[in-house]
Amino acid sequence: MPTSISRHVAGCAVLAFSGLVAMQAVHAEETGPIDARAVWQERSLSTCRSGQSHSAPDVCMLRTMQRTGAHPQAIAAARMLVRANMAAYISAWRPLGKVALATVTYPFRANTNEGTLLIGSDGAAIDVDEHSVREEDRATPAWQAFTAAHPDAMPFAPAEFVGSTATADGGQSVLFSTPLITCHACADDGALLVAYTIDKAGIVLERKLLTIK
C-alpha cells in the first residue's frame with residue numbers, strides 16, 4: 001500500500017475524505033497492508049451502545065476490540081475508520097482477483113448499518129455507497145426516464161455486489177446494484193447497476209452507470 005494517493009479515479013468516491021487514504025498509509029506502516037486479518041467479529045458492544053460507558057462510542061469500541069483480543073490489523077483498520085469520522089470496523093473480507101471487498105459495519109447507526117469498500121491493489125478504498133447517484137448519472141437518458149416515472153425514488157444503501165467479469169485487457173469489471181425506493185418500507189422502484197473498471201494491476205480506473213433496471 002502506498003504512502004500517499006494523489007491520482008484521480010474517474011467517477012469514483014475515493015475515500016480521501018477526512019484523511020482516510022492518509023490513514024491507510026499510517027496503517028501500512030504499523031501493521032502492513034489491509035487484508036483479511038483486518039476482520040473483527042463483534043463480541044459485545046452493548047455497553048458502548050447503551051451509554052453506560054464513560055467514553056465516546058468510538059473510543060469504547062476500540063477499547064472493546066483490544067480487550068477481546070481483536071487482531072492488531074482489525075484494531076488498526078477500525079482506528080483508521082474512526083480517524084476518518086466513521087465509527088466502524090471491518091466485519092468481512094472478500095478477495096476478488098487483484099482487488100477486494102471489505103464489509104464495513106457501523107454499530108452505532110440507527111439505519112444502514114453496513115457498507116462496502118472496494119479496495120484496489122494500491123490501497124485506494126472506494127465507498128461504493130458514497131454519492132450513489134453522480135452528476136454524470138443524472139445527465140443520462142436512463143436516469144431522466146426513471147425519475148420522470150419515479151420522481152421521489154432515491155438510492156437505498158447498501159449496494160449489493162452482483163459479480164465480477166474479466167476484461168479483454170486482463171483487468172476486471174466489478175458490478176454493484178443499489179435499490180431505488182420511495183420510502184424505507186416501500187417496494188423497490190428499480191435499481192442502479194454500476195460497474196467499476198479495474199486494470200490488470202488491480203488499480204480502480206473508473207465508475208460507470210450501466211443501466212437502471
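Tell me which residues, restricted to region 120-148, are in contact with a helix residue (DSSP H, G or I) (Cβ under 9 Å, 6 or more places away or on another chain) and touching a residue at least 40 places away in the same chain (Cβ under 8 Å).
Going through region 120-148, the residues in contact with a helix residue (DSSP H, G or I) (Cβ under 9 Å, 6 or more places away or on another chain) turn out to be 123-125, 127, 130, 133, 137-138, 143-144, 147.
Within region 120-148, 123, 124, 125, 127, 130, 133, 137, 143 meet the criteria.
Considering each residue of region 103-112, count those that are at pLDDT 90 or above and either of a type outside the set (S, T, N, Q) or more than 16 Å from residue 39 (Cβ to Cβ) (or both), and give that number.
Taking region 103-112 first, the residues at pLDDT 90 or above are 103-108.
If we keep only those that are either of a type outside the set (S, T, N, Q) or more than 16 Å from residue 39 (Cβ to Cβ) (or both) too, we end up with 104, 106-108.
Going through region 103-112 one residue at a time, the tally reaches 4.
Table: residues versus (1) exposed (fewer than 12 other Cβ atoms within 10 Å of the Cβ); (2) aliphatic (A, V, I, L, M).
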site: 145; (1), (2): yes, yes
site: 179; (1), (2): no, no
site: 191; (1), (2): no, yes
site: 198; (1), (2): no, yes
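So, in region 101-119, how many residues would count as being touching a helix residue (DSSP H, G or I) at 6+ places or on another chain (Cβ under 8 Å) and over 19 Å from residue 45 (Cα atoms)?
Just the residues of region 101-119 that are touching a helix residue (DSSP H, G or I) at 6+ places or on another chain (Cβ under 8 Å), to begin with: 102, 104, 107-108.
Narrowing the set further to residues that are over 19 Å from residue 45 (Cα atoms) leaves 102.
So the answer is 1.
Restricting attention to region 48-101, and to residues there that are basic (Lys, Arg) and within 30 Å of residue 195 (Cβ to Cβ), which single residue is farthest from the chain's Cα centre (by Cα)?
That would be 98.
Only residues in region 77-98 that are closer than 30 Å to residue 200 by Cβ count as the first member; pair them with residues that are charged (D, E, K, R) and at pLDDT below 90, Cβ under 8 angstrom, at least 6 apart or cross-chain, and list the lot.
91/42; 93/35
Of the residues 125, 100, only one is of a type outside the set (S, T, N, Q), at pLDDT 90 or above, surrounded by 17 or more Cβ atoms within 10 Å (Cβ to Cβ) and out of contact with any Gly (no Cβ under 6 Å at 6 or more places or on another chain); which?
Numbers: 125 fails: at pLDDT 90 or above.
The conditions single out 100.
Scan region 162-172 residue by residue and report those that are more than 15 Å from residue 98 (Cβ to Cβ) and either in a loop (DSSP other than H, G, I, E, B) or among the charged types (D, E, K, R) (or both). Don't jump to the end; show me each part of the working.
Initial filter on region 162-172 (more than 15 Å from residue 98 (Cβ to Cβ)): 162-163, 168.
Residue satisfying the conditions is 168 alone.
Keeping to region 45-71, report how many residues are at pLDDT below 85, of a type in the set (Ser, Thr, Tyr) and open to solvent by 60 Å² or more (accessible area, probe 1.4 Å).
Of the residues in that region, 1 qualify.
The values are calculated or read from the model by the stated rules, or taken from the named source; none is laboratory data. The structure displayed is predicted, hence computed values, not measured ones. Cβ sites come from the backbone with ideal geometry, for glycine too, and all protein chains shown count toward neighbours. The protein model used for the area step is the full one, side chains on, heavy atoms only, and it has no ligands, DNA or RNA in it. Shrake-Rupley method; radii C 1.70, N 1.55, O 1.52, S 1.80 Å.
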